[in-house]
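Colleague: Can you read through this structure? Questions will come right after.
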Amino acid sequence: SADLEFKAALRYDLRKNEISKEIERATMKSIVGFLNAGGGTIVIGVNDDGALIGLEKDYQSLAKKNRDGFANHLAVLLKTMIGLPFAKYVQTRFENVTGKEVCLIRVRNGHKPAYLKNADDKEEFFVRVGNSTQPFSMSDTADYIKTHFA
């Protein structure tokens, strides 16, 4: 929905059975989209169909294989891909659902435009529109910022 996103994993590609920077980027893109559009919640450990996956594969892919390691990795991604000033708008909580852990990431509306840094260290602008996170062109970004953050 406009304020809820499900992600099967933070960093582990369940189809390819490997760690994936693209999976990490998808989560960070959703965070940026929510920061720029009034906020929302991301549930990691649940797939798009609403099926409970849990965080076990993500945990096993980390040096510290638990929720603390997961939270630390998420904080590093947030710092490096979005920026430390936005950390105060992102709160995480873990829940146990029928024996599987999920992570709820609550994102509030940001104080200024948030950008996602790509692999080339270039910034991209995304906004949550309906039930998806959309990239904006430079001209659309300028117009959006004038009206949303004015």
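Colleague: Of the numbered conditions (1) over 20 Å from ALA9 (Cβ atoms); (2) open to solvent by 90 Å² or more (accessible area, probe 1.4 Å); (3) among the aliphatic types (A, V, I, L, M), ALA114 satisfies every one except a single condition; which is it?
Modeller: So the condition that ALA114 fails would be (2).
Colleague: If only one of VAL76, VAL32 is under 13 Å from the mean Cα position of the chain (by Cα) and open to solvent by 40 Å² or more (accessible area, probe 1.4 Å), which one is it?
Modeller: Values: VAL32 fails: open to solvent by 40 Å² or more (accessible area, probe 1.4 Å).
One residue alone meets the criteria, VAL76.
Colleague: Right, something else. Give the number of residues within the stretch 82-128 that are under 13 Å from the mean Cα position of the chain (by Cα), of a type in the set (A, V, I, L, M) and closer than 22 Å to LYS57 by Cα.
Modeller: Residues that pass the stated criteria total 2.
Colleague: If you go through the stretch 80-97 one residue at a time, do you hit one that is more than 25 Å from SER1 (Cα to Cα), touching a Leu at 6+ places or on another chain (Cβ under 7 Å) and not acidic (Asp, Glu)? Before the answer, list the steps.
Modeller: From the stretch 80-97, those more than 25 Å from SER1 (Cα to Cα) are 80, 83-85; that's our starting set.
Retained after the next criterion (residues that are touching a Leu at 6+ places or on another chain (Cβ under 7 Å)): none.
No: the stretch 80-97 contains no residue that is more than 25 Å from SER1 (Cα to Cα), touching a Leu at 6+ places or on another chain (Cβ under 7 Å) and not acidic (Asp, Glu).
Colleague: Residues in the stretch 9-29 that are open to solvent by 30 Å² or more (accessible area, probe 1.4 Å) and either in contact (Cβ under 8 Å) with a residue 40 or more places away in the chain or not aliphatic (A, V, I, L, M) (or both): how many?
Modeller: The qualifying residues number 11.
Colleague: Going by the structure shown, is LEU78 within 30 Å of ALA150 (Cα to Cα) and either of a type in the set (A, V, I, L, M, F, W, C) or assigned to a strand (DSSP E or B) (or both)?
Modeller: Working: within 30 Å of ALA150 (Cα to Cα): yes; either of a type in the set (A, V, I, L, M, F, W, C) or assigned to a strand (DSSP E or B) (or both): yes.
Spelling it out, LEU78 is indeed within 30 Å of ALA150 (Cα to Cα) and either of a type in the set (A, V, I, L, M, F, W, C) or assigned to a strand (DSSP E or B) (or both).
Colleague: Oh, and also: Take the residues in the stretch 117-134 that are open to solvent by 70 Å² or more (accessible area, probe 1.4 Å) and not in a strand (DSSP E or B); name whichever of them is modelled with the lowest pLDDT.
Modeller: ALA119
Colleague: Another question, then. THR92: surrounded by 16 or more Cβ atoms within 10 Å (Cβ to Cβ) and over 20 Å from ILE23 (Cβ atoms), yes or no?
Modeller: Details: surrounded by 16 or more Cβ atoms within 10 Å (Cβ to Cβ): yes; over 20 Å from ILE23 (Cβ atoms): no.
So THR92 does not fit the description; no.
Colleague: Let me ask something else about it. Only one of (1) part of a strand (DSSP E or B); (2) free of Cβ contacts under 8 Å to residues at least 40 places away in the same chain; (3) more than 15 Å from ALA9 (Cα to Cα) is not met by GLU95, so which one is it?
Modeller: Going through the list (1) part of a strand (DSSP E or B); (2) free of Cβ contacts under 8 Å to residues at least 40 places away in the same chain; (3) more than 15 Å from ALA9 (Cα to Cα), GLU95 breaks only (3).
The values are calculated or read from the model by the stated rules, or taken from the named source; none is laboratory data. The structure presented is a predicted model; accordingly, all values stated were derived computationally and were not measured. Positions of Cβ are backbone-derived with ideal geometry, glycine not excepted, and every protein chain shown enters the neighbour counts. The area values use the complete protein model at the heavy-atom level, side chains included, leaving out ligands, DNA and RNA. Shrake-Rupley method; radii C 1.70, N 1.55, O 1.52, S 1.80 Å.
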